[in-house]
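The values are calculated or read from the model by the stated rules, or taken from the named source; none is laboratory data. This one's a predicted model, so the numbers in the text were calculated from it and none came from an experiment. Methodologically, a virtual Cβ is constructed for each residue, glycine included, from the backbone with ideal geometry; neighbour enumeration extends over all protein chains shown.
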Amino acid sequence: MQPGRVLIIGAGLAGSLLAVYLAREGWTVELVERRTDPRLQGLAAGRSINLAISARGIKALKRAGLEDTVMKDAIRMSGRMIHPIAGSTGYQPYSADPTRAINSVSRSALNLGLLNAAAAEPNVTVRFDQRCASVDFANGEVSFIDDRTGATRTATADLVVGADGAYSAVRAAMQKSERFNYAQDFLSHGYKELHIPASANGPHAPFAMEKNALHIWPRGESMMIALPNPDGSFTCTLFWRHDGAGSSFANIKTGADALAHFKVAYPDAVALMPTLAEDFARNPVGAMVTVRCAPWSRGRVTLLGDAAHAVVPFYGQGANASFEDCEALVDALASSATIGEALCKYEGARVANANAIADMALRNFIEMRDLTGRRSFKWKKKIEHALNRLMPATFVPLYDLVSFSTVPYAEAKARGAANDRAIRTGISVGVSLVVAAVAVAILLVTKAIP
Ligand SMILES: Cc1cc2nc3c(=O)[nH]c(=O)nc-3n(C[C@H](O)[C@H](O)[C@H](O)COP(=O)(O)OP(=O)(O)OC[C@H]3O[C@@H](n4cnc5c(N)ncnc54)[C@H](O)[C@@H]3O)c2cc1C
């Protein structure tokens, strides 16, 4: 179809990338963001967490010519480094192929890189401090409030995209319309960011621990992870229950309590965290939500990224999936005669995949916080990697399919389940053969003895 005018609500990761894509396809783009221009506040503005970007995100960035800009400061993480309570750390590669890695990048640098690329396109107008307040689906009209002045205005376009994150105002407006299915599930766990500073000493200096790994402290019901930053520091994220006894944010409230708890539960980390008590007391507890909804579109208005499918962060795929949405929407627009046809194709390509990664992300929380610390998990990974080396075309482990390929998530999920069945069958056949061999041996021995 002929490019027209598009209004994108939310200049986060997905909205900014979509603006770049559509501008280059000839669309006139208005990108509207609730927050103040992060370029006025420097790099540190916004959420400070780093993100793991993998094959899907890299492919989408490459398509916009942004791979080098974004990936130049990325740190490769080729496996998990497991920190038990006692004993030494253990490294588990993510793939049988040692060249494969996920990449730690700064969220604010990524967002800024995408925003700069969007703003550099001559047919993109970016407006900040404008909050989407309501959407009229009948005529595709959106009203905004300027948070500095309180002034309101309305805008419309041929296509309106709600890329306004997990708590989307556009989606909230859709929820008021008929036959809109919606489910929101908050996790019982929250998260809090902590910090390991760079270190001048030690074998990994300026890093205090192995640089090229995602560090995990699995503790059964809870865990901490740490991702490396280019300045030698690590951003740690603590995942604890909101409520209850033991490791919960309700139970351990003060910096002093946290310090005492860490000395017992995370003894090797506490030695690397000189500001633990202050960080714990200062940093907020975040909530994690899974959102599933359908349909994603009403008339000329559609949802994209977390607005359409917020997922918990344990597969490191929320942003990667949101970037895939951008590609799917642009492809659908380019291959359709009308907006209606394009939005139908876009949803057809994405809804089942979004639901699949939502399921896999929830499942991966149990894997990270509990299973990674078990010997059986290590063996399962070893078997998967050995089978992958033997049959690279037919047996690809689920982690590789999700993080190192662009196979649709729903297909990856189905193939992962088939892999598990094959391994279970192989083990039970192997066990049966051993039992049969032992039985035959006993029979022969007993027959031989008069
Ligand atoms: C702790 C944590 C760790 C994560 N780790 C990873 C990871 O390792 N890898 C990964 O791929 N993903 C990760 N994610 C998920 C990732 O952050 C999101 O999937 C991604 O940011 C989604 O991009 P988005 O553009 O849809 O939403 P956002 O990036 O949230 O952007 C939405 C934008 O819309 C704006 N907005 C909101 N409301 C309005 C309004 N009413 N009007 C106008 N503008 C509005 C917001 O200010 C924001 O700029 C993680 C998430 C969390 C919470």
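For the reader, a short list of remarks on this structure follows.
- Residue within the stretch 427-437 that is hydrophobic (A, V, I, L, M, F, W, C), part of a helix (DSSP H, G or I) and within 30 Å of Thr290 (Cα to Cα) present: no
- Scope the stretch 182-206; condition of a type in the set (S, T, N, Q) and out of contact with any His (no Cβ under 7 Å at 6 or more places or on another chain); matching residues: Gln184, Ser199, Asn201
- Unmet criterion (only one of (1) surrounded by 20 or more Cβ atoms within 10 Å (Cβ to Cβ); (2) in contact with a Lys or Arg (Cβ under 9 Å, 6 or more places away or on another chain)) for Asn181: (1)
- The strands (runs of 3 or more DSSP E) found wholly in the stretch 179-290 and carrying at least 3 residues that are over 28 Å from Met77 (Cα atoms) and out of contact with any Cys (no Cβ under 8 Å at 6 or more places or on another chain) occupy 181-196.
- Strands (runs of 3 or more DSSP E) contained in the stretch 101-175 and holding at least 1 residues more than 24 Å from Lys62 (Cβ to Cβ): 124-127, 130-136, 141-146, 152-156, 159-162
- Residue check, Leu272 over 30 Å from Glu178 (Cβ atoms) and surrounded by 16 or more Cβ atoms within 10 Å (Cβ to Cβ): yes
- Which listed residue, of Thr275, Thr302, Thr290, is out of contact with any His (no Cβ under 9 Å at 6 or more places or on another chain), hydroxyl-bearing (Ser, Thr, Tyr) and either away from the ligand (no atom under 11 Å from the Cβ) or at pLDDT 95 or above (or both): Thr302
- The residues of the stretch 144-174 that are under 31 Å from the mean Cα position of the chain (by Cα) and without any contact (Cβ under 8 Å) to a residue 60 or more places away in the chain, listed by number, are Ile145, Asp146, Tyr167, Ala172, Ala173.
- If the condition is being in a helix (DSSP H, G or I), of a type outside the set (A, V, I, L, M, F, W, C), touching a residue at least 24 places away in the same chain (Cβ under 8 Å) and more than 9 Å from the ligand (Cβ to nearest atom), then the stretch 305-337 contributes Glu324, Glu327.
- Every listed requirement among (1) surrounded by 17 or more Cβ atoms within 10 Å (Cβ to Cβ); (2) near the ligand (Cβ under 10 Å from one of its atoms); (3) without any contact (Cβ under 8 Å) to a residue 40 or more places away in the chain is met by Ala74 save one, (2).
- Scanning the stretch 155-172 for residues that are under 24 Å from Gln2 (Cα atoms) and either of a type in the set (Ser, Thr, Tyr) or more than 9 Å from the ligand (Cβ to nearest atom) (or both) gives Ala155, Thr156, Ala157, Asp158, Leu159, Val160, Val161.
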